[in-house]
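For reference, the structure is listed below as structure tokens.
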Amino acid sequence: MKIVPFSLKEGSKKEWKDVFNNPRPVKVESFKTGTVTLNMRGTINPKHPNAGNVEDEDVDVPIMAHLVHHDDLGDYLLDAGLDASYCNDPRGNVKGILSWIFTDEYQQEKDENIAYHLNKRGTKLKGVFLSHLHSDHMAGIRELPHDIHYVIGKGEKCLESKPFHYGGYFKGLEALHEIDFSTVELMPPLGPAADVLGDGSLWAIYTPGHTPGHMSFLVNGLDGPVLYTIDACFIRKNLECGVASSGYTWNVEMAQKSLENILEFLKEYPEVRVVCGHEDPE
Ligand SMILES: [Zn+2]
């Protein structure tokens, strides 16, 4: 599969306050596509001085995907969530003799998969923005249209395809389109942010740490701006104690820095609502 540059239009705004003064006709609907069990020691970095005593405790959290509907520009998905293969198989039909070692397990009820939600609404997707390439955020690609754009952050690596272990997530896709954040405007205190539809409605924000090319998203709708942190902040507790994850995480220091940028941003712009990565806002 080819990796090609995502073509960005010249950014419309340079500061968040100008962005928020020009809300756009976009709305979001969030779908739960399954459940994953996280351990609190790892979801919260137990070694961080502000972590307190983090219990060795499992928590079940939702696996989410978010549908962005723009009145003029159409429908886009933020993450693909899970396809229906997890309903009968917690490893989602991953093939290969080592799959039992490497593959994460998820739970899924009937009619939770991403295509079910989209078909029910008659949604015609124009593109999918993938925050990062972990299976709980991308496995749904397998049941989505292939003739649309799939967009990732530059530097993102697909760690899911290892020898003797193959999920087939990209089968049938011609290319992944990557956003090169080094060419994108810095939007403090968050860092590089790309105006991906070109009208200030939807922003992809570079928040590395969980993975090398991780993106969070900001939707600038008429009901007020909403930040979708995705896995730059798994759950509310990360925000409350100001401590990022250490488990499931590529670079713990970078993840902590990205979380601190988010906290500073939320303090500076209290009008922004926040939705954490493994939280269902509906
Ligand atoms: Zn992840």
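What the table below lists for this structure:
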| item | result |
| --- | --- |
| Residue ID - farthest from ALA244 (Cα to Cα), chosen from residues in segment 170-209 that are within 16 Å of the ligand (Cβ to nearest atom) and open to solvent by 10 Å² or more (accessible area, probe 1.4 Å) | TYR206 |
| Residues that are modelled with pLDDT of 95 or more and in a loop (DSSP other than H, G, I, E, B), drawn from segment 1-31 | PHE6, ASN21, ASN22, PRO23, PRO25 |
| PRO46 vs. criteria within 27 Å of LEU239 (Cβ to Cβ), open to solvent by 10 Å² or more (accessible area, probe 1.4 Å) and more than 21 Å from the chain's Cα centre (by Cα) | yes |
| Residue under evaluation GLY34, criteria (1) part of a loop (DSSP other than H, G, I, E, B); (2) touching a Cys at 6+ places or on another chain (Cβ under 9 Å), criterion not met | (1) |
| Considering residues of segment 49-68 that are within 20 Å of the chain's Cα centre (by Cα) and of a type in the set (Val, Ile, Thr) only, the residue surrounded by the most Cβ atoms within 10 Å (Cβ to Cβ) | ILE63 |
| Residue match in segment 68-86 (condition: out of contact with any strand residue (DSSP E or B) (no Cβ under 6 Å at 6 or more places or on another chain), within 16 Å of the ligand (Cβ to nearest atom) and not in a loop (DSSP other than H, G, I, E, B)) | no |
| Any hit, segment 244-266, residues being away from the ligand (no atom under 16 Å from the Cβ), outside any helix (DSSP H, G or I) and either farther than 18 Å from THR43 by Cα or touching a residue at least 24 places away in the same chain (Cβ under 8 Å) (or both) | no |
| Matching residues, segment 114-166, being at pLDDT below 90 and away from the ligand (no atom under 14 Å from the Cβ) | SER161, LYS162, PRO163, PHE164, HIS165, TYR166 |
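The values are calculated or read from the model by the stated rules, or taken from the named source; none is laboratory data. Source: prediction; values computed, not measured. Positions of Cβ are backbone-derived with ideal geometry, glycine not excepted, and every protein chain shown enters the neighbour counts. Surface accessibility is based on the protein's heavy atoms, side chains included, excluding ligands, DNA and RNA. Shrake-Rupley method; radii C 1.70, N 1.55, O 1.52, S 1.80 Å.
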